[in-house]
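The structure under discussion appears below in the form of structure tokens.
Derivation of every value follows stated rules applied to the coordinates shown; laboratory data play no part. Since this is a predicted model, take the numbers as computed values, not measurements.
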Amino acid sequence: MSVWPDVAVEFPLSGREGDLVSISVRVEARHLESMLDALAQVSFPVNPQIYHDAAIVYVYPDGHREAEATTLVEFPAYATRLDEVRRTVESHGFDPASVHVTAMLDEIHADAIRETAPSGAAYVAVWRVKNRAAAAVH
């Protein structure tokens, strides 16, 4: 007999404001301080984890991959706050498309997160990898 209620399986990380997610923002290292200043303007506390040695890996239809060095700023938030984060990032001159959201449990269990490519992109998938050395695996 388990002490964990069945509802925990269906809604593993939810609260009054909805699902808990991991927000990841891609930023060039030289703009990191400006990004952190922007995130300080949202209406909830942001405690970011910064990955200086991250990579974005683009996967093309023929199977070849190209890795691009980047810095990732990640922090937990409720899904209802995502629009505020995107608006704040954009109002400070950053591309709101640099913001990516992942279910918190997926984020906890993965060293890289796969995204689908935007429509019309030359590539078919994108991997956000926290450690560039692991980029060759994805």
| field | Gained length - His64 relative to Ala121, 0.36 nm times residue gap less alpha-carbon distance | value | 19.1 nm
| Table column - 3J(HN,Hα) (Hz), region 59-65, Karplus curve with 6.51, -1.76, 1.60, x for Gly and Pro | 10, 9, x, 7, x, 6, 10
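Pull out the extension gain between Asp95 and Asp53, defined as 0.36 nm times the separation in residues minus the alpha carbon to alpha carbon distance; nm, one decimal. Write down the numbers at each step before the final one.
Numbers: separation 42, 0.36 × 42 = 15.12 nm, distance 2.05 nm.
Additional length available on full extension: 13.1 nm.
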| remark: Listed by chain and number, the residues whose amide H is under 5 Å from that of Thr70, excluding neighbours fewer than 5 places away on the same chain and using placed H, are Ala54, Ala55, Ile56
| message | Can you give me the long-range amide H partners of Val124? Hydrogens built in the peptide plane at 1.01 Å from N, cutoff under 5 Å, separation of 5 or more residues or another chain. | response | Val59, Tyr60
| request: Using only Cα positions of region 14-137, each an equal point scatterer, no hydration layer, compute I(q)/I(0) via Debye at q = 0.12 Å⁻¹ and quote the log10 values to two decimals. | output: -0.44
